[in-house]
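Notes for the one structure printed next.
The values are calculated or read from the model by the stated rules, or taken from the named source; none is laboratory data. The structure displayed is predicted, hence computed values, not measured ones. Because the Cβ atoms are built from the backbone with ideal geometry, glycine has one as well, and the counts that use them run over all protein chains shown. What goes into the accessible areas is simple: the full protein's heavy atoms, side chains included, and nothing from ligands, DNA or RNA. Shrake-Rupley method; radii C 1.70, N 1.55, O 1.52, S 1.80 Å.
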2 protein chains.
Amino acid sequence: MEQMKLTVLGCGSALPLTGFGHSSQVLEFRNKQFMIDCGEGTQARAVRYHLKTARLNHIFISHLHGDHCFGLVGLVSTLGMLGRTADIEVHAHPDLERLYAPLIGHFCSDFPFAVRFHPFSPHRSEVIYEDRSVRVTTIPLKHRVPSSGFLFEEKEGERHIVRKMTDAYSVPVSFMKDLKAGADFVTEDGEVVPNARLTLPPTPPKRYAYCSDTAYNEKIIPLIEGVDCLYHEATFLTEDKARMAATLHSSAAQAATIAAKAGVKRLIIGHYSARHNGDIAPFLEEAQSVFANTCAAKDGDVFFF
Amino acid sequence: MEQMKLTVLGCGSALPLTGFGHSSQVLEFRNKQFMIDCGEGTQARAVRYHLKTARLNHIFISHLHGDHCFGLVGLVSTLGMLGRTADIEVHAHPDLERLYAPLIGHFCSDFPFAVRFHPFSPHRSEVIYEDRSVRVTTIPLKHRVPSSGFLFEEKEGERHIVRKMTDAYSVPVSFMKDLKAGADFVTEDGEVVPNARLTLPPTPPKRYAYCSDTAYNEKIIPLIEGVDCLYHEATFLTEDKARMAATLHSSAAQAATIAAKAGVKRLIIGHYSARHNGDIAPFLEEAQSVFANTCAAKDGDVFFF
């Protein structure tokens, strides 16, 4: 199908570090935008990185730590000031609605759109959003508070018409839709032409998985197996063992180990601890020693896959 | 007394504009720090501009628009992560506690300090904070929602000893405290030496006024008369008349007119609308044509007065 486009709006961790904003990213495909996490400053970085937000209708919040959700009311306010009219759907742990609905009621009551909360359980994997072309499934993670990753999957698309063959069999235009859906064609003479002679299989659907925040957790592997791209937090380096254990975060090597074991196509790491002062080279080096096709995200990076 | 130091952490208005953060500033004097407003991103800019926060115990919020308060929970969270133990006092409209206490309860419950809310009425001028050396008084403003400026005043200090004279009259060290407080000195011979012969008057106390957000409002003039420094919002230029009337903000010329009529010593303008794309030269020019001693704030600016 078409490419997925990922814009990283923030890839720092909780303690502020200049140049590394709090977690937020936007996945665009099939003419839709999905925001994942909305840390403080997300609205400012959306402007800085020239993100258009017209098709942003869904926001997914992984967990209720401030660096993943404190930007939510500010973002909604600014979308309102910019003249937005479409409703916004927020998918999150049930506590988010309890905490944020009063603020949205107070600060965003003048806007002509609603903000709807869609609570999900962080304890099991479930489909939390689905439309004609996209499905979003939660990925239970292992963190100090309930935390969920998200798997974004294209649904399988239509078969591709082989024009040369449909011309040869004089398939009428009116039948093309059925053909793309997999139907066999029957000629005027009653000959049945198998669909596979007239079409090629659909392009494999794209899949993107976001896993942050989480300790090393092999249980997620079956859920993310073979995805086109995995974003996995890499808050620490292996040398930060004590902090890592205390805070239930992952090292760059652990993120890469998950990527390797799940056989993903590429890995993006982020959510770097401020203790390394924004020097991401050692994170990249550590991850690449385990899984070569790794990128270390920086704020404003755009990835296509 | 000693100089006041003002650090501007954000001087943009509501719509995000790269380089102009949402409102926040920190006033330091008498070994204390007072934060005024705390828009989204304040904690990140505090790091960016190397602000130490050890003596920051009081936060004053002018009004409940997001660009003046959305950074509050993030700031408190980060102070907690940095090991803070001292309580934080938040002075604001009563609605702030209603909206934010649940968030602070949720996100900041692990910290060893309390966040206390001190509500004040935005409808009258009142002293809302006072200690041995400092007094803070509200300044009712005129905006779309209840809004208050703040006047920070040093209390009058002690009289200055004239060492040559106290030596001449053999004033004992034990009497110096009384002398500084204004007492006359009686010599061993019973001669009364008037205080004014032994001391000089205290240095005039410093005063700083913060007035944002507000439409042009001459009623504030008696409250800010002669202050050492006035920060007055200048969201618009005179040419933006329609927007100004609709939103109850001031132009640079109006800010300067208030400064001139109040006879303040210097004016700082800020809270620029994004519609001029961060070009602050016309704001400065417009204000200086009315009141020469004007500065146009930029994020990260530090002023001494």
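Largest first, the three principal axis extents of the alpha carbons in chain A are 74, 52, 34 Å in whole numbers. Here, segment A:242-305 is characterised by an Rg to Rh ratio of 0.96, where Rg is the alpha-carbon radius of gyration and Rh the Kirkwood radius. The alpha carbons of segment A:7-90 give a radius of gyration and a Dmax of 11.9, 35 Å, in that order. Size of the protein assembly as shown: Rg and Dmax of its alpha carbons, in Å, are 30.6, 138.
Close amide-amide hydrogen proximity is noted between residue B:88 and B:114, B:115, B:116, each under 5 Å apart and 5 or more residues distant or on a separate chain (H modeled in the peptide plane; Pro and chain starts excluded).
Projected over all directions and averaged, the alpha-carbon convex hull of segment B:138-265 occupies 9.9 nm². Counting every C-alpha pair in segment A:192-297, the share spaced more than 18 angstrom apart comes to 48%. Phi angles across segment B:114-130 convert, under the Karplus curve 6.51 cos²θ - 1.76 cosθ + 1.60 with θ = phi - 60°, into 3J(HN,Hα) values of 9, 10, 10, 9, 10, x, 9, 7, x, 9, 9, 7, 8, 6, 10, 8, 7 Hz, Gly and Pro given as x.
Among A:61-69, A:216-224, sorting by the average number of other beta carbon atoms lying within 10 angstrom of each residue, highest first, gives A:61-69, A:216-224.
If both residues of a DSSP beta bridge must be in segment A:40-150, then about 45% of such bridges are antiparallel. Put simply, the C-alpha atoms of segment A:223-270 give a gyration tensor, and the ellipsoid matching it has half-axes of 22, 9, 8 Å, longest first. Close amide H pairs (under 5 Å, H built 1.01 Å from N) link residue B:108 with no residue at least 5 positions away or on another chain. When the surface is traced with a 1.4 Å probe over the full set of protein chains, residue B:279 keeps roughly 80 Å² accessible. Helical content alone sets the calculated 222 nm signal of the protein assembly as shown at -7000 deg cm²/dmol, taking -39,500 (n - 2.57) per DSSP H segment of four or more residues and averaging over every residue. With contacts taken as Cα pairs under 8 Å and at least 6 residues apart, chain A reaches a relative contact order of 18 percent. Annotation: lysines with alpha-carbon distance below 30 angstrom to residue B:206 (same-chain offsets under eight excluded): B:5, B:32, B:52, B:142, B:155, B:164, B:177, B:180, B:219, B:261, B:265, B:298.
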